[in-house]
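The values are calculated or read from the model by the stated rules, or taken from the named source; none is laboratory data. For clarity, every value in this text was computed on a predicted model and none was experimentally measured. Here Cβ is always computed from backbone atoms with ideal geometry, including for glycine, and neighbour counts include all displayed protein chains.
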2 protein chains.
Amino acid sequence: MTAKTLSPTLPETPFDSSEPAGSQAAVLEFEEGLGALFGDLAELFGNPRSYGLIYGTLFASREPLSMEAIAERLGVGIGSVSMGLRRLEEFGAIERERGTGRGTALFFAKLEMRLLVGGFLRERVLPRIAATGTQVEALTSLVPSLPPEERKVSKQRLERLSRWHSRAKSILPFIEKLLGGG
Amino acid sequence: MTAKTLSPTLPETPFDSSEPAGSQAAVLEFEEGLGALFGDLAELFGNPRSYGLIYGTLFASREPLSMEAIAERLGVGIGSVSMGLRRLEEFGAIERERGTGRGTALFFAKLEMRLLVGGFLRERVLPRIAATGTQVEALTSLVPSLPPEERKVSKQRLERLSRWHSRAKSILPFIEKLLGGG
DNA sequence: AATGTGCTTCATTTTGAATTGAAATCATTG
DNA sequence: CAATGATTTCAATTCAAAATGAAGCACATT
């Protein structure tokens with residue numbers, strides 16, 4: 001549960017005694033808390049927790065961070081961070097400083113929640129809703145081969161489902177917009 | 001993947017040869033398809049797939065079904081069905097025929113999607129959103145113990161998060177209502 | 001071309017949530 | 001109130017999805 005405490009291999013501020021005692025611990029706690037918060041949010045939308053952890057770490061940080069720094073702070077494998085950063089960048093929720101050019105790439109969070117949440121929605125929710133449409137169609141085409149006494153009731157129920165689906169589909173952009181206010 | 005075909009212990013229509021050949025197969029396919037559809041929907045909202053499978057089976061059926069019949073048709077354990085039925089009943093998405101009274105209880109689906117989706121939302125989504133509020137508060141109370149140069153930026157970011165959270169919370173009932181049109 | 005550094009890939013491992021079903025519980029009936 | 005049968009519970013198991021990290025790749029530098 002506790003963050004792996006300040007690693008001995010960490011290069012920065014080898015001994016900066018000007019900081020008040022508890023401050024550094026508070027920074028770690030703050031980072032960890034935001035990681036957890038966004039991790040939960042990612043899970044809520046059915047995306048891998050690590051995406052949220054990574055975004056949260058960047059959201060907490062005043063300066064951009066390298067892939068390695070993120071992996072170290074979170075204690076997660078570099079593979080996960082690599083994947084996560086790519087996806088988050090695709091979402092438009094983070095950005096990389098200095099283009100593919102020289103040296104280590106640094107990442108920072110774009111702070112608009114709309115970008116993150118929109119990405120989560122597009123990644124998991126929208127494809128599922130689309131798939132539902134296909135499923136309803138497939139079932140509808142099955143109705144004529146049902147026994148006669150089943151047909152009417154089955155048709156009615158599918159129509160109900162279909163109406164719900166249309167409605168859900170039509171309000172989704174609306175939801176996305178509303179959730180993107182931050 | 002294929003449903004375990006008509007069990008030999010099934011009491012009804014022991015040998016009703018008046019049915020066209022393919023009809024029975026179509027009924028199974030129809031049931032299975034609705035199970036899958038609602039199973040996916042349950043997963044989408046982060047609820048156990050089995051809840052959706054059960055609801056789908058009832059949604060497909062013209063007459064109410066017993067726990068055992070459902071378990072048999074779906075090929076899932078009776079424990080899952082027992083749990084699922086209880087939850088769905090709590091959601092108000094299904095109902096039991098003949099109160100706790102005599103013999104085997106029979107269940108049928110209430111067809112309003114609002115009930116099912118509302119249950120899914122209440123079960124998983126609302127608690128998470130509420131938890132986010134607590135997390136934001138905890139982090140806010142941490143700000144004063146951060147190093148001075150971090151405080152301002154951290155406070156700003158938390159405020160942004162907090163605004164998003166308030167908005168999300170306030171539109172949830174609205175979403176629930178919209179999704180409950182069927 | 002050779003070396004080095006940072007990044008990605010993906011076969012394996014881990015993890016946690018869902019499922020299972022045997023035993024306990026509860027309800028009904030003779 | 002014993003017996004029967006339906007239902008629930010929960011410890012053990014299964015399984016799918018996520019995480020891991022070594023090996024390979026790409027690109028920069030000498």
Members of the range A:141-157 that are closer than 13 Å to B:Ser23 by Cα and of a type outside the set (S, T, N, Q): A:Leu142, A:Val143, A:Pro144, A:Leu146, A:Pro147, A:Pro148, A:Glu149, A:Glu150, A:Arg151
Quick check: is even one residue across the range A:140-154 closer than 28 Å to A:Met113 by Cβ, of a type in the set (Gly, Ala, Ser) and not in a helix (DSSP H, G or I)? no
Residues in the range B:105-119 that are farther than 16 Å from B:Glu43 by Cα and within 16 Å of DNA strand C (Cβ to nearest atom) total 2
Tell me yes or no: at least one residue of the range B:14-27 is more than 14 Å from chain A (Cβ to nearest Cβ) and either modelled with pLDDT of 95 or more or more than 13 Å from the chain's Cα centre (by Cα) (or both). yes
Any residue at all in the range A:47-57 that is within 14 Å of chain B (Cβ to nearest Cβ), under 23 Å from A:Ile175 (Cβ atoms) and of a type in the set (Phe, Trp, Tyr)? yes
Looking at the range B:41-100 only, could you name the residues that are charged (D, E, K, R), more than 22 Å from A:Ser154 (Cα to Cα) and at pLDDT 95 or above? B:Glu43, B:Arg49, B:Glu68, B:Arg86, B:Arg87, B:Glu89, B:Glu90
Just need a number here: residues in the range A:76-100 that are over 11 Å from A:Ser50 (Cβ atoms) and within 8 Å of DNA strand D (Cβ to nearest atom). 2
Do we find a residue being within 12 Å of chain B (Cβ to nearest Cβ) and surrounded by 15 or more Cβ atoms within 10 Å (Cβ to Cβ) anywhere in the range A:60-75? yes
Filter the range A:133-175 down to the residues that are closer than 16 Å to B:Phe30 by Cβ and among the polar types (S, T, N, Q) and list them by number. A:Thr134, A:Gln135, A:Thr140, A:Ser141, A:Ser145, A:Ser154, A:Gln156, A:Ser162
All but one of (1) near DNA strand C (Cβ under 10 Å from one of its atoms); (2) surrounded by fewer than 16 Cβ atoms within 10 Å (Cβ to Cβ); (3) within 17 Å of the chain's Cα centre (by Cα) hold for B:Arg122; which doesn't? (1)
